[in-house]
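Notes follow once the structure below has been shown.
The values are calculated or read from the model by the stated rules, or taken from the named source; none is laboratory data. Here the structure is a predicted model, which means the values were calculated and not measured. A quick note on method: Cβ atoms are made from the backbone with ideal geometry, for glycine too, and the neighbour counts reach across all protein chains shown.
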Amino acid sequence: MNPRKTRRRTFLGAMAGVPGLPLLCAGNGAEAAAAEAASGEARDVIRELKVRTFINAAGTFTALTGSLMRPEVVAAMRVASRHYVKIEELRDAVGQRIAELVHAPSAMVTAGCASALSLATAACVAGKDPEKARRLPDTTGMKNEVIVQRSHRVVYDHAIRNAGVKMVEVTTRAQMEAAISDKTAMMFFLNSSDPRGQIHHEEFIEIARSRNIPTLIDAAADIPPVENLWRFTKLGFDLVAFSGGKGLRGPQSAGLLLGRKDLIDAAKVHHGPFGDTLCRTNKVNKEEIIGMLVAVESYLKEDHAAVWKEWEGRCHRIAGALKEFADVKTEIRVPPIANAVPHLHIRWDTQARRVSGPEMVKKLREGEPSIEVPPGARYPLTIGVWMMQPGDDAIVGRRIREILAGA
């Protein structure tokens, strides 16, 4: 039998089992994509351009290109790239499927979490009114204030301000209740800032509901745990925004907006393919829409306990590579919110070894292969293991040991 035909049939058989592909597998496009993929290795354009790659010992940081998409996500996006569809039909079909999977009233795929914030705000300010949608960010005559706890302000809320609103900062419950007026369009909650604020989830929702004000929570980096995919809608938040290119390992330029159907329907009015809208610049094509669906499906099917055990194992293996040094202390820590996964913290006698935290980071980055740790991490050295590929932990442990030994 022709080896190329065998490879092609094997590839097609594997593709048939990829979640989400039935939406787009009709016709000759899928066969063409499969045949092309089986015909040989694709170009490594990154290598051609001499752009340096690295081992990701950091995490899902946008500046470091987030996560690596799951193979089944890439496969489904490749099939999608061979077909034409009406974006609105695909958007609605995928949104309905995702909503069912995460127990939300409604859902849509967005161009990242920031886009979800802009769309949510536009929906709360201008609703479904096409004329108002065309006017944004001019909010004259509309509700145009968003209440937020001062401790929940973040650079990413620029995406909210894009809709032409004013952020009204408060600290206490009394201040929040006094700030609500006929100009209040929405109330915003940054999940990672919950410990720093005085008003927590349930109380925040109770205040908003008592005055019939829509609520939006930014939970961009809050997967895992898997339960967060439905936790916030169950708590009562009207709109929930997630990143797609972090823990879900979907397309880095995609995200999710979940919540009330009327508000999700309103958000669609402010999105592509409509031209004269606030978020036309945030359009999402069919490949990313399909990619997000498959990412959610795959994530929900994971053995999360086994994955967690593997992350802890990577931490232990890196720590084990350093056990010969009496002055080196290691500890596994899990952040309470946002990127809540095992991280390895490493301390050593910086004077005796003549290696400071910043020098360690520099040596790891400039070595071969290059190793990136979390931005801003200096001392103790923080190692994020959850985005590593198999075998990366051994390389990271060996390289840290060499640097500490003065090699």
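Specify which of the listed residues (Ala208, Ala219, Ala266) is hydrophobic (A, V, I, L, M, F, W, C) and buried (at least 24 other Cβ atoms within 10 Å of the Cβ).
Ala219
Inside region 184-241, can you point out the residues that are under 15 Å from the mean Cα position of the chain (by Cα) and hydroxyl-bearing (Ser, Thr, Tyr)?
Ser192, the sole residue that qualifies.
Output the residue which, of all residues in region 84-120 that are in contact with a Phe, Trp or Tyr (Cβ under 8 Å, 6 or more places away or on another chain) and assigned to a helix (DSSP H, G or I), is farthest from Ala163 (Cα to Cα).
If we take residues in region 84-120 being in contact with a Phe, Trp or Tyr (Cβ under 8 Å, 6 or more places away or on another chain) and assigned to a helix (DSSP H, G or I), then Cys113 is farthest from Ala163 (Cα to Cα).
Would you check which residues across region 107-130 are at positive phi and either in contact with a strand residue (DSSP E or B) (Cβ under 6 Å, 6 or more places away or on another chain) or among the aromatic types (Phe, Trp, Tyr) (or both) and list them?
Gly112
How many of the residues in region 147-182 are of a type in the set (D, E, K, R) and assigned to a helix (DSSP H, G or I)?
Count: 5.
Just a yes or no: is a residue in region 297-305 assigned to a helix (DSSP H, G or I), on the phi < 0 side of the Ramachandran plot and touching a strand residue (DSSP E or B) at 6+ places or on another chain (Cβ under 9 Å)?
Checked region 297-305: no residue is assigned to a helix (DSSP H, G or I), on the phi < 0 side of the Ramachandran plot and touching a strand residue (DSSP E or B) at 6+ places or on another chain (Cβ under 9 Å).
Going by the structure shown, is Gly40 more than 19 Å from Asn285 (Cα to Cα), at pLDDT below 50 and not assigned by TED's automatic domain parsing to the domain that holds Ala266?
Against the criterion (more than 19 Å from Asn285 (Cα to Cα), at pLDDT below 50 and not assigned by TED's automatic domain parsing to the domain that holds Ala266), Gly40 does not qualify.
How many residues does region 63-108 contain that are polar (S, T, N, Q) and without any contact (Cβ under 8 Å) to a residue 12 or more places away in the chain?
Count: 1.
Identify, please: which residue in region 49-64 is surrounded by 14 or more Cβ atoms within 10 Å (Cβ to Cβ) and either assigned to a loop (DSSP other than H, G, I, E, B) or among the acidic types (Asp, Glu) (or both) and is, among those, farthest from the chain's Cα centre (by Cα)?
Filtering region 49-64 for residues that are surrounded by 14 or more Cβ atoms within 10 Å (Cβ to Cβ) and either assigned to a loop (DSSP other than H, G, I, E, B) or among the acidic types (Asp, Glu) (or both), the one farthest from the chain's Cα centre (by Cα) comes out as Ala57.
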